[in-house]
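Take a look at the structure below.
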Amino acid sequence: MGEMVRIVVVHDETLLRSALAHLLRSDDRLDVSSQCPDADGETRVTPPTDVCVVDGECLTGPDDGRAVRLRARYGDRLVVLTTAKRPGVLRRAFDGGALGLVDKNAPAHRLITAVHTVAKGERFLDETLTVALLEGAEMPLTTRELSVLALASQGAPIAEIAARLHLSRGTVRNYMATAIRKVGARNRVDAIRIVQSAGWT
């Protein structure tokens, strides 16, 4: 039967975490445990693990600390679940070195195949995600423009954004206008929607 592959499933939502663990346990070559990041994004101590299966949404947000901790713990042995509709999430996972990228809409056996592939140190990329990965590489905003939109999405007014980023108000307005134009939005609210939908913030 070969050696057992030790898996940990990390997901914020109990039901989905349990469902993923149950799915993976259908393969008797997989030894599966699961856990939920606690309030600060840290996870409990786990036994030695060959592969970590994690929802891509657990790697997003203004604070990338959780993603950093997961990568520090599991290195490139991450199998990230995401969709083509979230090219930003996909691109960050790829750039962060995750070996496995699985479409949430794929058949269950694709996840099991991905786990075994990554356990051998090989890359697994669902074909359905390749175009989205290329689109993710074309995200048009600079880091500063993205920061301005991220703060605006939290309800911060121009003055507060300027203070937090150590910029003048005029510069913030310029960044905002440029970001709106680059993503083809009608206004600030539309730009925030477009960027969030793609998973860039």
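The values are calculated or read from the model by the stated rules, or taken from the named source; none is laboratory data. Every value quoted in this text rests on a predicted model; they were computed, and no experiment measured them. Because the Cβ atoms are built from the backbone with ideal geometry, glycine has one as well, and the counts that use them run over all protein chains shown. Note: areas computed on protein heavy atoms with side chains; ligands, DNA, RNA excluded. Shrake-Rupley method; radii C 1.70, N 1.55, O 1.52, S 1.80 Å.
Tabulated data for the structure shown
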| quantity | calculated |
| --- | --- |
| Filtered residue count, region 172-188, keeping only those that are under 18 Å from Met139 (Cα atoms), of a type in the set (A, V, I, L, M) and either in contact with a Ser or Thr (Cβ under 7 Å, 6 or more places away or on another chain) or assigned to a helix (DSSP H, G or I) (or both) | 4 |
| Failed condition for Gln154, given (1) at pLDDT below 85; (2) in contact with a Pro (Cβ under 9 Å, 6 or more places away or on another chain) | (1) |
| Filtered residue count, region 134-171, keeping only those that are within 29 Å of Leu101 (Cα to Cα), surrounded by 15 or more Cβ atoms within 10 Å (Cβ to Cβ) and without any contact (Cβ under 8 Å) to a residue 12 or more places away in the chain | 0 |
| Neighbours by Cβ (under 6 Å, 6+ apart or cross-chain): first from region 181-201, modelled with pLDDT of 85 or more; second surrounded by fewer than 15 Cβ atoms within 10 Å (Cβ to Cβ) | Lys182/Pro140 |
| Residue in region 85-99 that is open to solvent by 50 Å² or more (accessible area, probe 1.4 Å), under 30 Å from Arg6 (Cβ atoms) and not basic (Lys, Arg) present | yes |
| Only listed residue being touching a Ser or Thr at 6+ places or on another chain (Cβ under 9 Å), of a type outside the set (S, T, N, Q) and over 23 Å from Ile192 (Cα atoms), chosen from Lys104, Lys120, Lys85 | Lys104 |
| Selection within region 172-201 - under 10 Å from Ala152 (Cβ atoms), touching a helix residue (DSSP H, G or I) at 6+ places or on another chain (Cβ under 7 Å) and open to solvent by 70 Å² or more (accessible area, probe 1.4 Å) | Arg188 |
| The lone exception for Ala72 - which of (1) aliphatic (A, V, I, L, M); (2) over 17 Å from the mean Cα position of the chain (by Cα); (3) surrounded by fewer than 17 Cβ atoms within 10 Å (Cβ to Cβ) it fails | (2) |
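So that you can scan it fast, the table gives a plain yes or no per residue for (1) out of contact with any helix residue (DSSP H, G or I) (no Cβ under 7 Å at 6 or more places or on another chain); (2) at pLDDT below 90:
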position: Glu42; (1), (2): no, yes
position: Val45; (1), (2): yes, yes
position: Val53; (1), (2): no, no
position: Arg66; (1), (2): no, yes
position: Lys85; (1), (2): yes, yes
position: Ala93; (1), (2): no, yes
position: Pro107; (1), (2): yes, no
